[in-house]
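Every read-out reported here was derived from the displayed coordinates using simple, explicitly stated rules and does not represent laboratory data. Fair warning: this is a prediction, and the values are worked out from it, not measured in the lab. So basically every Cβ, Gly included, is an ideal-geometry build from the backbone, and we count neighbours across all protein chains shown.
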Amino acid sequence: MEAITIQALFDAKNRKFEIPAYQRSYSWEDKQINQFIEDLKNANAQYYLGHFLFEESADNTLLIIDGQQRLTTCVIFFSSLLNELRNRKKNGELLTVDLDDIADYYIRDIRKGTQKFKTVEYDNNFFADEVVDRKAGTQKPNSRSQERIRRAKELFDKEFANTPTTELERWYNLVQNATITQFVVADKIQAAQIFAFQND
């Protein structure tokens with residue numbers, strides 16, 4: 001087990017993340033998203049995002065066994081933040097953060113064009129349109145989890161539109177420098193054992 005930051009987690013060369021089909025789909029509601037935002041408003045220099053359990057897969061992909069709700073929310077957060085800051089830059093605001101870095105680290109690998117984070121397979125096309133590519137309204141949600149993904153994005157969009165740029169940049173730095181602990185296992189059997197042990 002090691003302690004790293006969200007930025008370091010996403011920074012590994014060609015690193016990608018997937019939520020395997022046997023894991024839960026996105027379940028966070030308004031309460032959890034609003035608490036996430038409140039935590040950022042109240043945080044000082046340090047922010048802890050909890051423990052994550054991953055299974056190593058082929059092609060430098062980490063399968064998310066525990067922590068998928070938090071990590072999905074972080075990617076939605078980065079997508080909404082990137083969208084808002086791009087709009088402000090177009091309107092002439094000077095920014096202290098590199099927008100290409102946000103996109104490359106958390107949304108889509110610039111060199112390969114690959115999606116950095118995939119949710120469960122049956123939601124991923126919707127997630128890609130809604131969050132990764134920001135194609136608003138191109139798909140109608142056909143599951144409760146897809147409705148939650150759209151709602152989380154809308155809540156972040158609304159909050160960010162009414163937040164000063166300096167505060168948005170502070171939140172960005174808080175989340176990307178948030179401390180996590182991670183445990184990476186090599187196979188599903190070990191992942192299931194550790195997951196069961198943690199939940200006991």
Out of Asp101, Asp66, Asp123, a Gaussian network model of the chain with alpha-carbon springs under 10 Å gives the largest mean-square fluctuation to Asp101
Modelling each spin label as a point 7 Å along the Cα-to-Cβ direction, I'd like the Tyr122/Asp11 distance in nm, to one decimal. 3.8
Between region 40-61 and region 146-188, the Cα center-to-center distance that results, in Å: 11
What's the magnitude of the charge dipole for the chain around its Cα centre, counting Lys and Arg as +1 and Asp and Glu as -1 at the beta-carbon? Answer in Debye, nearest 20. 520
So the angle from the long Cα axis of helix 188-199 to the longest Cα principal axis of the chain, reported in degrees to the nearest 10, equals 70
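When the helix-only estimate is applied to the chain (DSSP H runs of n ≥ 4, each -39,500 (n - 2.57), divided by the residue count), what is the mean residue ellipticity at 222 nm, nearest 500 deg cm²/dmol?
On the way: 8 runs with 95 residues, N = 200.
Result for the chain: -14500 deg cm²/dmol, rounded to the nearest 500.
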Amide H of Ile65 versus every other amide H placed in the peptide plane: which residues, excluding those fewer than 5 positions away on the same chain, fall under 5 Å? Leu53, Phe54, Glu55
So for region 1-112, using the alpha carbon gyration tensor with a ≥ b ≥ c as root eigenvalues (a/c under 1.5 gives rounded; past that, a/b versus b/c decides prolate or oblate), I'd call it oblate
Gyration tensor (alpha-carbon) shape descriptor, region 84-158, a/c threshold 1.5: oblate
Which listed residue (Asn83, Gln46, Thr61) has the Cα farthest towards the positive end of the charge dipole for region 8-92, taking +1 on Lys and Arg C-beta and -1 on Asp and Glu C-beta about the Cα centre? Asn83
Okay, which of region 9-29 sit inside 14 Å, backbone N to the point 7 Å along the Cα-Cβ direction of Arg111? 11-16
Taking every DSSP beta bridge that has both residues in the chain, what percent is antiparallel when rounded to the nearest 5? 45
Compute the long axis of helix 144-161 from its Cα atoms, compare it with the longest principal axis of the Cα atoms of the chain, and write down the angle in degrees, 0 to 90, nearest 10. 30
